[in-house]
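The values are calculated or read from the model by the stated rules, or taken from the named source; none is laboratory data. Keep in mind that this is a model prediction, so the values were computed, not measured. Cβ coordinates were reconstructed from backbone atoms using ideal geometry, including for glycine residues, and neighbour counts include every protein chain displayed.
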Amino acid sequence: MCSSECTDATRMHRCDRVGVRRAPTSTTTTTTMMTVMRMMVMESVNKSPKKTDKPSDVLPAARSAIRNGDADGGSNVVSGGGSGGGGGCVLGIDERTGRLQWCPGYRFVRILFVIPAAMLPIALLFLLLSRFQVVGSEVPEHAQQRGAGCGGIGYFADGNELADDDVLSGWSATDQRINAERCLSLATGAGEEQTDLEADRGLLRHILRTSFVPPIPEHGRLPGCQHTGLRDNAPDASQDDVPDVPDDTAGPVPHNGTKASRRVKKSLAWRLVDSKSPESIRAAQVEIMRKHMDERADPCQDFYQYACGNWDQVNPIPKDKAALDTFELLRESLDLVLKNLLLEGVEHDLPELPDIENTLGSTTTTPVATAAAVETTAEQLHRVRKRIPKRMPRAVQNKLIIRSTQVKRVRKRRQLTTTTERDSAEEDYEVRAEDEDAETKARHLFVSCMNYAQIEQRGLEPLHALLASLGGWPVLDPAWDARNFDWLNLTAHVRRYNNDILIVQWVGPDIKNSDENIVQFDQTSLGLPTRDYYLQPANRKYLDAYRQFMIEVIELLGVPTGRARQATDEMLEFEIQLANITNPPEERNNVSTLYRKMILEHLQDEIPEIDWSGYLQIVTDRPVNSSEFVVMFALTYMHDLVELIEQTEPRIVANYILWRFVRHRINNLDDRFLGAKQRFSNALFGREKNPPRWKNCVTQVNANMGMAVGAMFVRRYFDETSKRDTLTMTHELQQAFRELLNQTEWIDGPTKRLAEQKVNAMSLRIGYPDFILSPGELNSRYAGLSVHPERYFENTLNVLSHIRRTDQEKLGQPVNKTVWHTAPAVVNAYYSRNKNQIMFPAGILQPPFYHRHFPKSINYGGIGVVIGHELTHGFDDKGRLFDHDGNLYRWWSDGAIEAFHERAACLVQQYGKYTIDEIGVQLDGENTQGENIADNGGIKQAFLAYTRWLEAQTDPRVLEQETLPGLNVTNRQLFFLNFAQIWCGAMRPEATRSKLKTAVHSPGRFRVIGTLSNSEDFAREFNCPIGSIMNPVEKCSVW
């Protein structure tokens, strides 16, 4: 028999002769990890005086071993030990099979314990599932097979149902290791205030295109800029920085949730027993809606509290976010889907860091030892070594270190022998890069972004090479020679990477002739969201945070602190002066006063200090004719810019231009730089930590190769029924607008007829463009773009160059108004003023906006209101300036213009009185009036269209389906409830302050209260007494 002496690792083998054939010593991955973990656990258990008479006593020790192991994966083996004295025996691991086994050799004793020992892994699995709140969730089988992993919300094949996909599935060991890497939350930096390159394209974008909510996660635009530019015709909205700016639609109440989970919120997880069952879908919607409601609140006093009062408790803001609202939850679920799509079918060598959730499913099989497995084991051992309990004997630690060192030597030898092969493979890849399809390029871009080990290994070499090609960055080179410096030449070469610094340039439709593409110029954007950050003393703390961010980045590049501080102070002073010569947004609302069309020769005469032809030759790669027409929107700014540069040392100008360029490029570097950006983001928006690296990588790929990503998404998940239903509803909303227009008394007959002509001429883009499902057409869109799976830095530059090249090649070509410029996998909607076009991407055609099994009351209160909102943008304070062809043209009568201003002023005054008490700041009714007009008009049209639909129904059974069991509201009340819950959300105080400086959308709370308090329909359906907060005597109405 086995005695108490069988309590250490050495004597364990002697005991094996009694009950189990002794396994020979092995150097495989399995044996290495087993030995290490067996020693760790057994030593820990043996120090305990408590006896172990049954397998259940070993469970706490085994569980502790798992929890104290590597958080990212730990070992592949669990072992436990018995008592340290008496006649007890030891529970150990057979090194051959990897299974738990007791020492005693008597057959009946082994049989006695075989069942409990076999149940131990099941018990561990159950405990872990309980810990991750998986047990009890009913998930369809096909959702498990798809394996979205990582928790959160996945998509069913039904296209619109959402499922809680946080399950363990029976994947192969390879699949589990790949999924473990997918789920790894590597720290990476998100863009601070997100002055990305597409925002830099022009500061008049809001004149031409507006969106339902700011498209930050998908397109990475700064809210203060993205609505105020003219460029809405880029092939793909480029993103040269990873966004972290919250939407300005988030709930107005600042929130300080610091213990929120990273996982996608369960409140939107559609745990459906049958994904195609209308009843289960409706039941899930009831659960979600009731969870967010505060049914104790009086809907006639505060409807936002009634609809969204429990939002903060259900959805605390995660540490990696500055805000959390309905849109962000939908984006979370969409990002998870896109991540899995981008990893499908791609061979990659990402670091293998499996987590316990995925390795538990594979512990019953012994993996084969390979060179790659040995390399992975070395990394795992390194992490395990750091987590060895302090009480563990030094001898055990030494054994662990020796084993780890041996494996690392194997890894180094492998690296030396494969360097030449890797270089050769890269050369072969460059040859075949042009033959790859668009989707493969998108996947390679994602894989290169996720390959942090490769990024870290390459270090600063790619950035230094890039800066050298641009003439060097003076702050890095004290010997920099200013005699050869030409600021315009440097600005033009940076523009070739789609960066607009000092001068904003693009090619797009002429706003007075929307059929013609033309070169256009505008004033610069800035490093902080608006010029007020530089010029108002109250914002000094943000300016100080920006300064510290600049110093940190420069120091990380190897510059001594003293020189870094001096260069930063000089650059910051230059940027303050630059902010001072830019025009504020309120002076740029009337685009007709900014518009100056002239031939290039006349522009040269106007501003002779700038070689405009030379600049364009570098940017466009073509000869430039001085007789070409261009459009200038910032003539005064250009004069002031020239004067400012003449008064500034060339070294400071060069430092500033390249700083603005480098601040985007550090997104492609290691975590030290991303940590500096995170600290700046925390000061500016209150975000406490970086989001997982995979989220930023998904955002970048979708922003820059959105059509390729959209093709994957549409083929797999998009429900064509939603496209047909949305088209039908759009026609109904157009009819509702015509009906309300005819009832309007403040517009004269001729203007009404032109308005009706415009609404009839609106083109509709729903779901996705057809060409993305044609491989040939889709591939041609990205022809000439080279993407290498291991060169993230260069890939980003290639993508930006490709976007710039595609943009410039439109010059001389007629405007194609049928082309989509919005990626399909986006949770937003858009109206383009110079195309008179509405876009509803596939990403927004999902709950809570739409589902084919929802009552029509919910769909009309969701996507119906969105349709009405975008339609009304064609007639808001800026949209009314453009005619039915999208041209800037005065088509309103003087009387109609005056009456419009009177009614719009009512909304400006109403919303300007709203105050966010928590930070003591009032809304800007002037800047938000366009969106407020659209909100108020959209809900009126949507409710009228729903009423007309109800009147047309003759089947009582259809009408019976218009309510939801479990919600004590009528079908018409349900319409308004769903509208309100779209705007549920919360935002941190720092983000709220920052957003209100740039917001063109009112905060979600006031989009609900402001809109519904002007609605006669709402007051009637909820029986709100006249004079109550939600039914004031004086109401505002434009459309």
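Whenever a residue of region 1022-1033 is outside any loop (DSSP other than H, G, I, E, B), its partners that are not hydroxyl-bearing (Ser, Thr, Tyr), lying with C-beta atoms within less than 6 angstrom and at least six residues away or across chains, give the pairs SER1028/CYS300; ASN1031/ALA1019; ASN1031/CYS1024.
When the test is whether a residue is of a type in the set (A, V, I, L, M), at pLDDT below 95 and within 23 Å of LEU342 (Cβ to Cβ), ALA479 does not pass it.
Only one of the numbered conditions (1) surrounded by fewer than 19 Cβ atoms within 10 Å (Cβ to Cβ); (2) hydrophobic (A, V, I, L, M, F, W, C); (3) outside any helix (DSSP H, G or I) is violated by LEU526, and that is (1). Quick check: anything in region 555-576 basic (Lys, Arg), closer than 28 Å to PRO989 by Cα and either in contact with a strand residue (DSSP E or B) (Cβ under 6 Å, 6 or more places away or on another chain) or surrounded by fewer than 20 Cβ atoms within 10 Å (Cβ to Cβ) (or both)? Taking every residue of region 555-576 in turn, none turns out to be basic (Lys, Arg), closer than 28 Å to PRO989 by Cα and either in contact with a strand residue (DSSP E or B) (Cβ under 6 Å, 6 or more places away or on another chain) or surrounded by fewer than 20 Cβ atoms within 10 Å (Cβ to Cβ) (or both). If I filter region 832-850 for residues that are charged (D, E, K, R), in contact (Cβ under 8 Å) with a residue 60 or more places away in the chain, outside the structural domain of PHE976 (by TED's automatic domain parsing) and assigned to a loop (DSSP other than H, G, I, E, B), do I get at least one hit? Yes, because at least one residue in region 832-850 is charged (D, E, K, R), in contact (Cβ under 8 Å) with a residue 60 or more places away in the chain, outside the structural domain of PHE976 (by TED's automatic domain parsing) and assigned to a loop (DSSP other than H, G, I, E, B).
Conditions (1) of a type in the set (Asp, Glu); (2) surrounded by fewer than 24 Cβ atoms within 10 Å (Cβ to Cβ); (3) in contact with a Ser or Thr (Cβ under 6 Å, 6 or more places away or on another chain), marked per residue:
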{"residue": "VAL921", "(1), (2), (3)": "no, yes, no"}
{"residue": "GLU926", "(1), (2), (3)": "yes, yes, no"}
{"residue": "ALA945", "(1), (2), (3)": "no, no, no"}
{"residue": "ARG948", "(1), (2), (3)": "no, yes, no"}
{"residue": "ALA952", "(1), (2), (3)": "no, yes, no"}
{"residue": "ASN968", "(1), (2), (3)": "no, yes, no"}
{"residue": "ALA980", "(1), (2), (3)": "no, no, no"}
{"residue": "CYS984", "(1), (2), (3)": "no, no, yes"}
{"residue": "LEU996", "(1), (2), (3)": "no, yes, no"}
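Apart from one condition, ILE867 fits all of (1) surrounded by fewer than 22 Cβ atoms within 10 Å (Cβ to Cβ); (2) in contact with a helix residue (DSSP H, G or I) (Cβ under 8 Å, 6 or more places away or on another chain); the exception is (1). In region 665-687, is there at least one residue being farther than 30 Å from ARG791 by Cβ and surrounded by fewer than 22 Cβ atoms within 10 Å (Cβ to Cβ)? Looking through region 665-687, at least one residue is farther than 30 Å from ARG791 by Cβ and surrounded by fewer than 22 Cβ atoms within 10 Å (Cβ to Cβ).
Within region 485-538, track down each residue that is in contact (Cβ under 8 Å) with a residue 40 or more places away in the chain and among the charged types (D, E, K, R).
ARG495, ARG496, ASP500, ASP510, LYS512, ASP515, GLU516, ASP522, ARG531, ASP532
The condition of being of a type in the set (A, V, I, L, M, F, W, C) and at pLDDT below 85 holds for only one of ALA991, ALA986, ALA904, that being ALA991. On inspection, HIS639 fails the criterion of being without any contact (Cβ under 8 Å) to a residue 12 or more places away in the chain and either among the small types (Gly, Ala, Ser) or farther than 30 Å from ILE551 by Cα (or both). Only a single item in (1) surrounded by fewer than 22 Cβ atoms within 10 Å (Cβ to Cβ); (2) touching a helix residue (DSSP H, G or I) at 6+ places or on another chain (Cβ under 6 Å) is not met by LEU959, and it is number (2). Kindly check whether there is at least one residue in region 599-612 that is surrounded by fewer than 19 Cβ atoms within 10 Å (Cβ to Cβ), under 19 Å from PRO509 (Cα atoms), touching a residue at least 24 places away in the same chain (Cβ under 8 Å) and hydrophobic (A, V, I, L, M, F, W, C). Yes; the residues of region 599-612 include at least one that is surrounded by fewer than 19 Cβ atoms within 10 Å (Cβ to Cβ), under 19 Å from PRO509 (Cα atoms), touching a residue at least 24 places away in the same chain (Cβ under 8 Å) and hydrophobic (A, V, I, L, M, F, W, C). Can you tell me which residues in region 882-922 are in contact with a strand residue (DSSP E or B) (Cβ under 9 Å, 6 or more places away or on another chain), outside any helix (DSSP H, G or I) and under 27 Å from ARG988 (Cβ atoms)? Hits for region 882-922 are LYS913, TYR914, THR915, ILE916, GLU918, ILE919, VAL921, GLN922. For region 459-488, filtered to residues that are touching a helix residue (DSSP H, G or I) at 6+ places or on another chain (Cβ under 8 Å) and part of a loop (DSSP other than H, G, I, E, B), the residue that is farthest from ILE666 (Cα to Cα) is PHE485.
Screening ASN451, ASN484 for residues that are polar (S, T, N, Q) and either touching a Lys or Arg at 6+ places or on another chain (Cβ under 6 Å) or at pLDDT below 90 (or both) leaves exactly one candidate, ASN484. For region 574-596, indicate whether the set of residues that are touching a Phe, Trp or Tyr at 6+ places or on another chain (Cβ under 6 Å), in the same structural domain as ARG663 (by TED's automatic domain parsing) and more than 27 Å from ILE652 (Cα to Cα) is non-empty. Yes, region 574-596 has at least one match. Inspection of region 798-817 finds a residue satisfying the criterion of being of a type in the set (A, V, I, L, M), surrounded by fewer than 21 Cβ atoms within 10 Å (Cβ to Cβ), on the phi < 0 side of the Ramachandran plot and over 24 Å from the mean Cα position of the chain (by Cα).
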